[in-house]
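Trainee: One structure, pasted below without further comment.
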Amino acid sequence: MALEAPFFGKNVQSMLKLGRAQGVAMAAGLSREISITEYSPKKIKMAITGNGNASKEQVAKMLQQQLKIKTLPKNLDATDGLAAAVCHYYNRGKSTHEKSYTGWRAFVNQNPDKVKS
C-alpha cells in the first residue's frame, strides 16, 4: 500500500482531515498485514513528472497521458492517490529511503513519538 507522507500546509482544518484519513488507511492496511510505504509529495511528483516541484495540473496531465485516461476529474486532489500508487509501482523492488511498515510492531518501532503509554 502506498500513501503520501504528511506535509505541512497553511489550512489546519485540511491537515487534520488528511491526518485522520491517513490514519484510517494505515490502520486498515496494518490490520490486514499489508505492507505500507509512505512517499514524500516531492518523490511522487518526481516519479510522475520528473520534477519534484510539479503542480497538481502537471501531475494530472502526465497521469492522463501515461495511463490513457480520457477525462480528468474536476477536483485534481482525486489524482493524488493515483499518483502515489503509480509512484509505488515504479519503485517496486527498489530500495527506498521512504518509511515502510510491515505491521503494527514496525510502525510503533519507527514512530515512538506517536505512541502513548
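Trainee: Any idea how many residues of the range 1-43 are in contact (Cβ under 8 Å) with a residue 40 or more places away in the chain, in a helix (DSSP H, G or I) and more than 17 Å from Y89 (Cβ to Cβ)?
Mentor: Count: 2.
Trainee: Can you pull out the residues in the range 70-117 that are modelled with pLDDT of 80 or more and assigned to a loop (DSSP other than H, G, I, E, B)?
Mentor: Scanning the range 70-117 gives K70, T71, L72, P73, K74, N75, L76, D77, N91, R92.
Trainee: Is it the case that some residue within the range 2-16 is within 20 Å of R105 (Cβ to Cβ) and out of contact with any Pro (no Cβ under 9 Å at 6 or more places or on another chain)?
Mentor: Yes, because at least one residue in the range 2-16 is within 20 Å of R105 (Cβ to Cβ) and out of contact with any Pro (no Cβ under 9 Å at 6 or more places or on another chain).
Trainee: Can you tell which of K10, K68, K45, K17 is of a type in the set (D, E, K, R), surrounded by 15 or more Cβ atoms within 10 Å (Cβ to Cβ) and out of contact with any strand residue (DSSP E or B) (no Cβ under 6 Å at 6 or more places or on another chain)?
Mentor: One residue alone meets the criteria, K45.
Trainee: Something else about it: Looking at the range 71-88, I want the residues that are of a type in the set (S, T, Y) and have a partner that is in a helix (DSSP H, G or I) and crowded, with 16+ Cβ neighbours inside 10 Å with Cβ atoms under 9 Å, at least 6 apart or on another chain. Which pairs are those?
Mentor: These pairs meet every condition: T79/V59; T79/A60; T79/L63.
Trainee: Just to be sure, is K42 among the charged types (D, E, K, R) and at pLDDT 85 or above?
Mentor: It is true that K42 is among the charged types (D, E, K, R) and at pLDDT 85 or above.
The values are calculated or read from the model by the stated rules, or taken from the named source; none is laboratory data. Because the structure is a prediction, the values reported are computed rather than measured. Neighbour counts are summed over all protein chains in view; Cβ atoms, including those assigned to glycine, are modelled from backbone coordinates with ideal geometry.
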